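Chemist: One structure, pasted below without further comment.
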Amino acid sequence: MTKIQRQLEQARADLAAATAALTASDEQQAEAVKSSKTYSQWRLSHEAAALEAERLALLVERLEADLQQEQTDAAVAARAARRVELEQQSKALASRIAEEGAQAAAVLLALAEQAKLNAEAVELFNRELGDDDAPLLSGDHIARYRAPAPRQNLAEDVIDLWVFESSGELVNDQDAVIETADGRGKIPGGMVNRHPTFVVRRRFKQVRYLEPGDRQHLEPLSAALRLPRFDGPTMLFDRGRAVKPAERRELLELVPADDAPAESVESVAA
């Protein structure tokens, strides 16, 4: 708690006490008017209580304004300190982006180029192999390719289910079947078809499993790589090709000279 906050808290407490004293004095007026002496004494004490309450109210108002200004100044100072901190942080990060980013880009570009050359050499070599020779794999393929995950069984259960006697197809609503004998049952007829449908119980093996993963195409590193320039807003490398910065064009502009006569300006415009 700051000094102003402590002063304001005390002033508010004093104002509450002074207001209570003034209210008590107001209640004593009816008794004080019974004599000139007591009324004179009441009047003096009432005026003093009113003046004190007014003074304290003004003091509270001033301290509240001072506290608000103090809080505003503290917020401005905190924002200024945060600005300095962020400026220093941004400058340090900018240096790292320019230096470390350029170094990382150089490494990635070299890897992409080597991966491309290696893939081309491996492809040429594989073309010379016979049918019984195992083909070579490129470094990019070895590093990044992942075979799709196989199906994985999690649990197996043996269950009995109702199937239609005529077709052997599974009954969708198993609860609709009324069992009539061991392993046999029927589905009551409805409004259209009043004849029951006969069903039998068959045993199934229920397997809960994770489906096999999808096969994913491996895009070559040099074709997938995109790198920004770390010293400017444009791209450095974009999907297999190095990007050169756009060259500035040389243009020609006609600007009227300040000391040229008006007719010459008109002739140029024409």
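Chemist: Which residues, counting only those in the range 1-60, are among the basic types (Lys, Arg) and over 30 Å from ASP73 (Cβ atoms)?
Modeler: LYS34, LYS37, ARG43, listed by residue number.
Chemist: Further, regarding this structure: Restricting to the range 177-207, give me the number of residues that are assigned to a strand (DSSP E or B) and surrounded by 10 or more Cβ atoms within 10 Å (Cβ to Cβ).
Modeler: Looking only at that region, the number is 16.
Chemist: Spot the failing condition for GLU219; the list is (1) closer than 17 Å to GLU113 by Cα; (2) modelled with pLDDT of 95 or more, and only one is missed.
Modeler: Here GLU219 meets the rest and fails (2).
Chemist: For LEU236, are the conditions met, namely being touching a Lys or Arg at 6+ places or on another chain (Cβ under 6 Å), part of a strand (DSSP E or B) and in contact (Cβ under 8 Å) with a residue 40 or more places away in the chain?
Modeler: Spelling it out, LEU236 is indeed touching a Lys or Arg at 6+ places or on another chain (Cβ under 6 Å), part of a strand (DSSP E or B) and in contact (Cβ under 8 Å) with a residue 40 or more places away in the chain.
Chemist: Only one of these is touching a residue at least 24 places away in the same chain (Cβ under 8 Å) and either surrounded by 11 or more Cβ atoms within 10 Å (Cβ to Cβ) or under 30 Å from ILE142 (Cα atoms) (or both): PRO220, PRO228. Name it.
Modeler: Exactly one residue qualifies, and that residue is PRO220.
Chemist: May I ask you to say which residue of ASP160, ASP173 is closer than 30 Å to LYS205 by Cα and either surrounded by 11 or more Cβ atoms within 10 Å (Cβ to Cβ) or touching a Lys or Arg at 6+ places or on another chain (Cβ under 7 Å) (or both)?
Modeler: Only one candidate passes the filter, namely ASP160.
Chemist: On to the next question. When you go through ALA104, ALA110, ALA155 one by one, which is the residue that is surrounded by fewer than 12 Cβ atoms within 10 Å (Cβ to Cβ), among the small types (Gly, Ala, Ser) and under 18 Å from GLY240 (Cα atoms)?
Modeler: Among ALA104, ALA110, ALA155, only ALA110 is surrounded by fewer than 12 Cβ atoms within 10 Å (Cβ to Cβ), among the small types (Gly, Ala, Ser) and under 18 Å from GLY240 (Cα atoms).
The values are calculated or read from the model by the stated rules, or taken from the named source; none is laboratory data. Source: prediction; values computed, not measured. A quick note on method: Cβ atoms are made from the backbone with ideal geometry, for glycine too, and the neighbour counts reach across all protein chains shown.
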